[in-house]
Amino acid sequence: MLCTSRSLAERQIPCPPEPSTVAPNEARTGDEPRSGSPLPGLPCLRSNNCTEDSGIRPSATERRRIYSLRENVLQFVKFYGLGHVGFFTITFPRNVTTWQEASKRFHSFRTHVLKSLFVDFILVLEFHRDGRPHYHLLVATEENIRSGFNFEIYRQLHADSRLPRTSRMALPVRRGLSRDLSTNVALRGIWKRVRDAAEGYGVGRCETIPIRKTGEAIAVYVGGYIASSLGNRKPEHKGARFVRYSQHFQRAVTSQQFAWCSPTGWVWRAKVRSWAITRGCFSLGDIRSQYGRRWAYRHREEIQEVVLSWYPTGLHARADGHDCPIDCTDFRTTSAARKQFLPSPSAARPESEAEPHQTGSK
């Protein structure tokens, strides 16, 4: 095997620039245009310090769905501004046990109530442990709903509601804190409108709160709902749409038909290219027309047996089973090394497909 000893330091992707310093309480007012970037990101958003592990890992489709959702949430917050974005939760009575019934009630509630309150939304469907559905929405409002909101009082009320009834604070104290929760007229108007109309449309408890931290934080938070509910899904949940977008929202990622930019993905695409060219296919359309829509599934083992002679880095070579330094570049395999990865003689090509023998001229 041949490889250069040049280090990858010069070819590594540069670190992203430092986020601009913005005061945490500088929310966009209602008179400013509907644009602006979210607050600086947090360094530990993707860390997991949970002591419990369900053992369920998202599939490839779920990982792409989570990635698309996070990117679209960032686009959503960036376009409307942090002060004009809220987190809206919808629950349903206990007699609503199917996602079909929940979808019907939400459609009616959105058409007659929410459509007049919110400009755009991103919806995520989640299931409780008993299989009952509820919705989490990221909504955009015309007016600023973040200014004047007391997040510390909300934290106290939220923590108190999770305690046993015998340990909760007295009702007069709780009502006093609720009155001091927000002085924002726009947000209180949304609360009253939703509270008055929820029961008539068969909707349970609803909650609307502004975004406390950053767009990046809420993107990871919303995307986590998909992964957290994987263990609560049942066979009867098949066919449910777990992510929806309002009609007029311009998404950053509009399709989930993409591949990851990783060493393993590069090896797969390089082998598909070599495999397709040897069969006279020069585009994905040619492959589909000749081998059908499920060509990757039917010919996966055959594609994985393709032997590559060059890899851009040692990481790509190691992803294909080669033993080489990680920090090397321009990795090339010799003919002797390629023989180790060739199919067995029983699986060799027939003589009709073998390369013609070339004789040297005198």
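The values are calculated or read from the model by the stated rules, or taken from the named source; none is laboratory data. This structure is a prediction, so every number in the text was calculated from the model and none was measured. Glycine gets a Cβ as well: all are built from the backbone with ideal geometry, and neighbour counts include every protein chain shown.
Assorted remarks:
- Here Glu52 meets the list (1) crowded, with 17+ Cβ neighbours inside 10 Å; (2) among the charged types (D, E, K, R); (3) at pLDDT below 85 almost entirely, failing just condition (1).
- Single residue of the stretch 59-108 satisfying the filter (within 14 Å of Phe121 (Cα to Cα) and among the hydroxyl-bearing types (Ser, Thr, Tyr)) that is surrounded by the most Cβ atoms within 10 Å (Cβ to Cβ): Tyr80
- Taking residues in the stretch 227-238 that are exposed (fewer than 14 other Cβ atoms within 10 Å of the Cβ), and partners anywhere that are modelled with pLDDT under 70, the pairs with Cβ atoms closer than 7 Å and at least 6 places apart or on different chains are Gly231/Ser54; Gly231/Ile56.
- For the stretch 57-98, the set of residues classified as charged (D, E, K, R) and assigned to a helix (DSSP H, G or I) consists of Glu62, Arg63, Arg64, Arg65, Arg70, Glu71, Lys78, listed by residue number.
- Count of residues meeting criterion [farther than 14 Å from Trp268 by Cβ and either in contact (Cβ under 8 Å) with a residue 12 or more places away in the chain or of a type in the set (Phe, Trp, Tyr) (or both)] in the stretch 288-301: 1
- Residue within the stretch 184-207 that is farther than 30 Å from Ser59 by Cα, in contact with an Asp or Glu (Cβ under 6 Å, 6 or more places away or on another chain), modelled with pLDDT of 80 or more and crowded, with 17+ Cβ neighbours inside 10 Å present: yes
- Search result, residues across the stretch 261-287 that are touching a residue at least 12 places away in the same chain (Cβ under 8 Å) and among the aromatic types (Phe, Trp, Tyr): Trp266, Trp268, Trp275
- Test: residue in the stretch 214-229 that is in a loop (DSSP other than H, G, I, E, B), touching a strand residue (DSSP E or B) at 6+ places or on another chain (Cβ under 6 Å) and under 30 Å from Arg188 (Cβ atoms): no
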